[in-house]
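S.K.: Okay, here's the structure, questions in a sec.
Just so it is clear, none of the values below were taken in a lab; they were calculated from the coordinates. Note that the coordinates shown come from a computational prediction; the quantities given were computed from them, not determined experimentally. Cβ sites come from the backbone with ideal geometry, for glycine too, and all protein chains shown count toward neighbours.
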Amino acid sequence: MTVAQSPPPVVPDVEPEVVRVRRRARVQEAVLPVVLLGIFIVGTITHADTFLTSDNMLTVLTQASVTGVVAVGMTFVIATSGIDLSVGSVLAAATIVGAQFEPQGSLAFMFFTILAAVVFGSINGVAIAYGRIVPFIATLAMFTIARGYALWQSDKTPVSLLFLDTVRDLGRSRVLGIPIPVIVFAIVTGVGWILLNRTAYGRHVIAVGGNREAARIAGIRPKRVVASVYVLSGLCVGIAAVLLSGRLGSASPVSGQGLELDAIAAVVIGGTSLAGGRATIVGSVLGVITFAFIFNLLNTLGMPAEVQQVAKGLIVLGAALAQRSDD
């Protein structure tokens with residue numbers, strides 16, 4: 001008597017899905033250069049003497065570099081259908097931690113600032129992946145904890161870093177006429193693009209965000225992947241914290257306010273899906289740059305800050321609606 005054997009389980013092939021979502025992301029990614037071109041045309045027509053100059057371009061890119069570095073890490077987080085609301089507060093807390101080692105010099109400040117941000121990110125990752133806390137709640141809690149820690153440890157007072165020449169140079173100096181923050185932004189972008197598009201890790205991130213159960217059956221460990229993207233986000237926040245501290249010449253407990261919203265908005269308009277499974281580093285960077293030049297143009301035109309906030313909200317809402325129409 002023969003016993004009928006059940007067929008072996010079918011292992012889902014995540015590769016076609018990865019290719020499909022990347023193609024869809026490129027569509028939204030391709031729209032942003034057209035938007036940027038329109039901004040440059042309007043700026044040239046209205047304020048050619050101030051807007052379309054090399055000094056203004058480099059100034060805008062320098063200011064956008066902090067948000068840009070954070071947005072690279074945020075792209076990985078959102079690709080897994082997560083969110084990180086704590087990046088602004090973690091940036092402030094990390095700089096305050098680093099400032100406690102200011103007497104030991106620039107390297108000590110940079111090391112402990114980045115290390116602190118990675119630790120905060122790791123706590124987020126463990127709470128979400130292994131503690132099964134909803135990303136919104138976990139990072140909202142860290143948003144409050146990190147900001148409170150920064151205010152408490154600094155006694156609500158910025159800590160001067162003017163004697164840290166290396167840190168100050170990172171935030172203010174130039175190499176071949178290009179500000180160092182812009183160079184760091186470009187390097188982080190390049191590394192992030194390679195990691196997302198040319199490594200198995202990047203494919204795993206997309207697969208986990210697209211269909212976590214299918215990814216698990218395919219041999220991917222979703223919990224490790226989810227935890228790792230928050231660690232990566234913390235690393236990017238740490239780098240951004242060093243750049244911002246160098247530019248300001250101080251570690252401020254109120255720095256980074258609103259940074260999380262700017263980073264999320266840039267990632268969303270760049271084409272990364274809030275539902276996960278679709279991500280583009282190039283789109284996120286273009287989103288950061290587009291926002292930066294839009295608000296630079298609005299400032300040049302003398303628009304009130306309140307109007308700029310309304311414009312930002314409308315842009316994000318439009319991008320979200322465009323994503324819904326694609327699904």
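S.K.: Kindly provide the helix-only [θ] at 222 nm of the chain, computed as the sum of -39,500 (n - 2.57) over DSSP H runs of four or more divided by all residues, to the nearest 500 deg cm²/dmol? Could you put the intermediate results ahead of the total?
M.R.: Working: 13 runs with 240 residues, N = 327.
So the calculated ellipticity at 222 nm is -25000 deg cm²/dmol.
S.K.: If you don't mind, another one. As I understand it, the dipole of the chain uses +1 on the Cβ of Lys and Arg and -1 on the Cβ of Asp and Glu, about the Cα centre. Which of 93, 289, 200 lies farthest toward its positive end?
M.R.: Farthest towards the positive end: 200.
S.K.: Please work out the C-alpha center-to-center distance from segment 296-316 to segment 171-217 and express it in whole Å.
M.R.: Cα centroid of segment 296-316 versus Cα centroid of segment 171-217: 29 Å apart.
S.K.: Taking only Cα atoms, what is the 0 to 90° angle, nearest 10, from helix 87-99's long axis to the longest principal axis of the chain?
M.R.: 60
S.K.: Once phi is turned into θ = phi - 60°, what whole-Hz ³J(HN,Hα) does the Karplus curve with 6.51, -1.76 and 1.60 give for every residue of segment 134-151, x standing for Gly and Pro?
M.R.: Values, residue by residue: 4, x, 4, 6, 4, 6, 5, 4, 5, 3, 6, 4, 5, 5, x, 4, 4, 5 Hz.
S.K.: Under unit Cβ charges (Lys, Arg +1; Asp, Glu -1), what dipole magnitude, rounded to 20 debye, does the chain have relative to its Cα centre? List each step's numbers first, then the result.
M.R.: On the way: 22 positive and 17 negative charges, 153 e Å.
Dipole about the Cα centre, nearest 20: 740 debye.
S.K.: Most exposed first by the Cβ proxy, i.e. fewest other Cβ within 10 Å, how do 35, 167 rank?
M.R.: Values: 35 16, 167 26.
The most exposed by this proxy come first: 35, 167.
S.K.: How do 220, 194 rank when sorted from fewest to most other Cβ atoms within 10 Å of their own Cβ? Don't skip to the answer; put the middle values down first.
M.R.: Numbers: 220 18, 194 12.
Lowest to highest Cβ neighbour count: 194, 220.
S.K.: Right, another one. Please list, in order along segment 111-128, the HN-Hα scalar couplings obtained from phi with the Karplus expression 6.51 cos²θ - 1.76 cosθ + 1.60 (θ = phi - 60°), rounded to whole Hz, x for Gly and Pro.
M.R.: Result, rounded to whole Hz: 4, 6, 5, 5, 4, 4, 5, 5, 5, 4, x, 5, 4, 4, x, 5, 4, 7.
S.K.: Now a separate question. Could you check the spin-label model distance between residue 136 and residue 307? Points 7 Å from the Cα along Cα→Cβ, value in nm.
M.R.: For residue 136 paired with residue 307, the spin-label model returns 3.3 nm.
S.K.: Here's another thing I want to ask about it. Arrange the following residues from fewest to most other Cβ atoms within 10 Å of their Cβ: 53, 139, 300. Present the calculation step by step, with values, prior to reporting the outcome.
M.R.: Values: 53 12, 139 28, 300 15.
Going from least to most buried by this count: 53, 300, 139.
S.K.: For helix 200-210, report the angle its Cα long axis makes with the longest principal axis of the Cα atoms of the chain; keep it between 0 and 90° and round to the nearest 10°.
M.R.: The helix 200-210 is inclined about 80 degrees to the chain.
S.K.: Check each of the trypsin sites (Lys or Arg not before Pro) in segment 69-174 and keep only those in coil by DSSP with at most 15 other C-beta atoms within 10 angstrom; list them in order.
M.R.: On the way: sites: 132, 147, 156, 168, 172, 174; in loops: 132, 156.
Filter output for segment 69-174: 132, 156.
S.K.: Mind checking segment 129-221 for chymotrypsin sites (Phe, Trp or Tyr not before Pro) that DSSP puts in a loop (not H, G, I, E or B) and that have at most 12 other Cβ atoms within 10 Å?
M.R.: Numbers: sites: 130, 136, 143, 149, 152, 163, 185, 193, 201; in loops: 130, 163.
Here the chymotrypsin sites (Phe, Trp or Tyr not before Pro) that fit, given the DSSP loop and packing criteria, are 130, 163.
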